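Step one of this worksheet: look at the structure below.
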Amino acid sequence: MNQLGFPLLSIVIFLPLIGAVVALFLGKNRMAVKVWALIVSLADLVLACSLWGLFDYGRAGMQFVDRLAWIEPLGIQYSTGVDGISLWLLILTSFLSLVAVLMSWKFLERRSEADVRSYTFLLLTLETGVLGVFAAVDLILFYIFWEAVLIPTYFLIGRWGGEHRVRAALKFFLYTMAGSALMLVAILALAVVHVQATGVWTFDRLALAQGGLPLPRSAQMWLFLAFALAFVVKAPIWPLHTWLPDAYVESPTPVAALLAGVLSKMGIYGLIRFCLPLFPSAVEAARPWIWLLAIISIVYGSFIALVQRDMKRLVAFSSLAHMGLIVAGVLAANAQGVQGALLQSVSHGLTVTALFIFVDLLESRRGTRLVDDFGGLWKSIPIFGTLLLTVILASIGLPGLSGFPGEFTMLVGIFQQSPAAAVFATLGIVLGAWYMLSLFRKTFAGPLAHAENRTLPDLRRREAAVVVPLVVLMFVIGILPNLILRPTDAAVNDLLNRAEERRVVLMGSSK
């Protein structure tokens, strides 16, 4: 249903792409390009927030639907919509894209005019791709947006990354592309099963998730694995994570923030949106094994983060541990696990972005991001240290900040399925507190061990304009988690009810 009568959602999706194209024709004025990108990303965030303002919390189905026949013989449509599952991920994408644009101003200061235009074009194009992933209802449209994200990300890393940027970009591209190819095969298989059963071609997600569509348990498992592989590569979890440290470390900081804060959530969204309702029996059968991989991600990522001397690599491996916990919450396949995963996805997007920003600011001040080169910084940059400590406390789940309600809700969901899995997931939270507080102690507590750190400038106003809104939102979500949980309630319960109905029907048909 489109309650507005005009395509607001499509405008939200494609406004950044339109802005990207315009940026290519703004001539050699670098400031004009940067201001234009800021205007476009800010306008898109305002429009995305208007979706929240107009959202009907009591409806479980898609809202703001835009539908247009596209390839009619195969039933492929341009079909987009928003429900409680995708609403906050769309807003998170628009917000962090605006943050990335602001972070890019300093990064682009000494770049050529051509670099500024092409970088801005790719950054805004990436935003459209991610927004499309979270809004697509038709599976072919979803796949197109999913693949479209690869192209700007590859060039953003490969052109403007660090010393090993080409290797990192290629690794990211190949891992994601391999998983996506299997997902395309699974999408086609679902459509063929549907046409054999009904005589009608469709790639509509809701039609393909109907309980009566025949799908034996073995077929469910193979199709589930094809979808899940694409999603857990993007999330990622061990052992499909090896692209992550290279991509995060070698990327420019704005791109690394989008990779960790937004692109990783595409994998979480895919698990919730497609795997849970389409393959409920396979989810149940695969749960122990995926939980095992998720727990390995949590423990492995935590211990690797603990021994890192490079702060950016530490944040990268901490993200691996957090994503393992979120995947475990999704696979609980109950309301608490899924809603907690969505809430934690938003919180992690804010905290990991802020952490990458603070690491970048320290590196710009000292020319290094090695932990051993710092110490006692709270004496010279107290405002910087206070805000960083707040972000760290939010990341480790201190009550009153954004990390706590999501982690606690996920643990309740996981505990209902397996107390043992909940214990291991809790271990990850303890380890997270260990390595993050250890990082702060080594960099900001103690004596000023290096003379170079005595005269570092504290947080500047332009820097505060980027990080303070992130910190404020951490408090808002921590104190008022229902801002996110309430819109998700109806959609998550409806998805899980449909999944259970489909599981019962498919079990009966396979006997």
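Each reported figure results from applying straightforward, stated rules to the coordinates on display, with no laboratory input. Just so it is clear, the structure is predicted and the values come from calculations on it, not from any experiment. Cβ placement follows ideal geometry from the backbone for every residue including glycine, while neighbour counts extend to all protein chains displayed.
Classify the range 114-205: rounded, prolate or oblate, from the alpha-carbon gyration tensor (a ≥ b ≥ c, eigenvalue square roots; a/c under 1.5 rounded; otherwise prolate if a/b is larger than b/c)? Walk me through the numbers before you get to the answer.
Numbers: a/c = 5.04, a/b = 2.14, b/c = 2.36.
Since a/c reaches 1.5 but b/c is at least a/b, the shape of the range 114-205 is classed as oblate.
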Two-decimal log10 I(q)/I(0) for the range 280-479, as the Debye equation yields it once each C-alpha is a single scatterer, q = 0.10, 0.12, 0.14 Å⁻¹: -0.43, -0.59, -0.77
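Sort 86, 118 so that the residue with the fewest other Cβ atoms within 10 Å of its own Cβ comes first and the one with the most comes last. Don't jump to the answer; show the numbers that get you there.
On the way: 86 28, 118 20.
With the sparsest Cβ surroundings first, the list reads 118, 86.
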At least 24 Å along the helix axis (C-alpha) and Kyte average at least 1.0, DSSP helices within the chain: 30-54, 84-107, 165-198, 217-234, 280-306, 311-331, 419-444, 461-479
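Once every DSSP H run of n ≥ 4 in the chain is given -39500 (n - 2.57) and the sum is divided by its residues, what mean residue ellipticity at 222 nm do you get, rounded to the nearest 500 deg cm²/dmol? Before the final figure, lay out the partial values.
Numbers: 20 runs with 369 residues, N = 511.
Result for the chain, helices only: -24500 deg cm²/dmol.
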Part-to-part distance (alpha-carbon centres) for the range 315-346 and the range 240-256, which is given in Å: 20
Estimated FRET transfer efficiency (residue 164, residue 54; beta-carbon r; R0 45 Å; 0.05): 0.50
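Please work out how much length the chain gains when fully extended from residue 334 to residue 198, using 0.36 nm per residue of separation minus the C-alpha to C-alpha distance, in nm with one decimal.
On the way: separation 136, 0.36 × 136 = 48.96 nm, distance 3.06 nm.
Length gained, residue 334 through residue 198: 45.9 nm.
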The range 402-489: C-alpha gyration tensor shape, a/c 1.5 cut-off, then a/b vs b/c: oblate
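Mind scanning 34/312; 34/171; 106/234; 28/106; 265/442; 312/442 and naming the pairs with a C-alpha gap bigger than 20 Å? If you can, show how the numbers build up before the last one.
On the way: 34/312 26 Å; 34/171 30 Å; 106/234 29 Å; 28/106 17 Å; 265/442 31 Å; 312/442 15 Å.
Correct reply: 34/312; 34/171; 106/234; 265/442.
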Peptides ranked, highest mean first, by Cβ atoms within 10 Å: ranges 416-424, 268-276: 268-276, 416-424
Prolate/oblate/rounded call for the range 1-71, Cα gyration tensor, a/c under 1.5 rounded: oblate
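Taking the beta-carbon count within 10 Å as an exposure proxy, list 91, 392, 298 from fewest neighbours to most. Could the numbers behind the result be given before it?
Values: 91 19, 392 24, 298 28.
If I rank by nearby Cβ atoms, fewest first, I get 91, 392, 298.
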Cut-off 17 Å, label 7 Å out along Cα→Cβ of residue 456, residues of the range 283-320 by amide N: 309-315
Percentage relative contact order, the chain, counting C-alpha pairs under 8 Å, at least six apart: 16
Gain on full stretching of the segment that runs from residue 366 to residue 185 - 0.36 nm per residue minus C-alpha separation: 60.2 nm
Mean-position separation - Cα centroids, the range 274-306 and the range 49-77, in angstrom: 30
Cut-off under 5 Å, modelled amide H: who pairs with residue 63 long-range: 82, 83
Relative contact order computed over the range 280-479 (Cα-Cα under 8 Å; 6+ residues apart), in percent: 29
